[in-house]
1. Taking the Cα centre of the chain as origin and charging only Cβ (+1 Lys, Arg; -1 Asp, Glu), how large is the dipole, in debye to the nearest 20?
2. Over the chain, give the accessible area per residue in Å² for a 1.4 Å probe, as an integer.
3. What is the set of long-range amide H partners of residue 22 at a cut-off below 5 Å, with H atoms built 1.01 Å from backbone N?
4. Roughly how many percent of the accessible protein surface of the chain is carbon and sulfur, given a 1.4 Å probe and a whole-percent answer?
5. Classify region 1-88 as rounded, prolate or oblate, taking a ≥ b ≥ c as the square roots of the eigenvalues of its Cα gyration tensor: rounded when a/c is under 1.5, otherwise prolate if a/b is larger than b/c and oblate if not.
6. Note down the magnitude of the dipole of region 1-43 about its Cα centre, charges +1 on Lys and Arg C-beta and -1 on Asp and Glu C-beta and zero elsewhere, to the nearest 20 debye.
7. As an exercise, use a Förster radius of 41 Å and the Cβ-Cβ distance of residue 40 and residue 8 to find the FRET efficiency, rounded to the nearest 0.05.
8. When a/c reaches 1.5 or more, the comparison of a/b and b/c decides; with that in mind, is region 72-113 rounded, prolate or oblate per its Cα gyration tensor?
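The values are calculated or read from the model by the stated rules, or taken from the named source; none is laboratory data. All values reported here derive from a predicted model rather than from experimental measurement. Cβ sites come from the backbone with ideal geometry, for glycine too, and all protein chains shown count toward neighbours. With ligands, DNA and RNA removed, areas are computed over all heavy atoms of the protein, side chains included. Shrake-Rupley method; radii C 1.70, N 1.55, O 1.52, S 1.80 Å.
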Amino acid sequence: MRKEPRDASVRCLEREREDGNVEYKLRLKDPAEGNPYRIQQLITQMKYRLSEGGAECFYFVGVEDDGYPRGLEECDLRRSMATLRHMADALGAEVALVRTLPGAGGRTCALAR
């Protein structure tokens, strides 16, 4: 995604923490399109977040690590959510959309549990 000026009209979240059960992901690529080792890293990361939250974790999709809700276009958000479900399936977990959030430039972010 190309860099663009920050949209002052969107509310930023707190910076992502290294510990805890909350993860920010700007975008999750389709596992079939990317590096096979990357999807395994993401699954391991989800396993860690689940362990930190007592079998529950939250993913903010479309959000940068510093908490800026850049957002995604609808098709990219759908693909990212499908990848998140793929990761959860590998761990025997489930994903549920909690809500959508406004992103920069009219794009959308998602909070999943």
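1. The calculation lands at about 220 debye.
2. 62 Å²
3. Residues meeting the criterion, in which the H sits 1.01 Å from N, are 58.
4. Of the solvent-accessible surface of the chain, carbon and sulfur hold 48 percent.
5. oblate
6. Taking the Cα centre of region 1-43 as origin, the dipole is about 200 debye.
7. For R0 = 41 Å, the calculated efficiency reads 0.60.
8. It is oblate, given that a/c is not under 1.5 and a/b is not larger than b/c.
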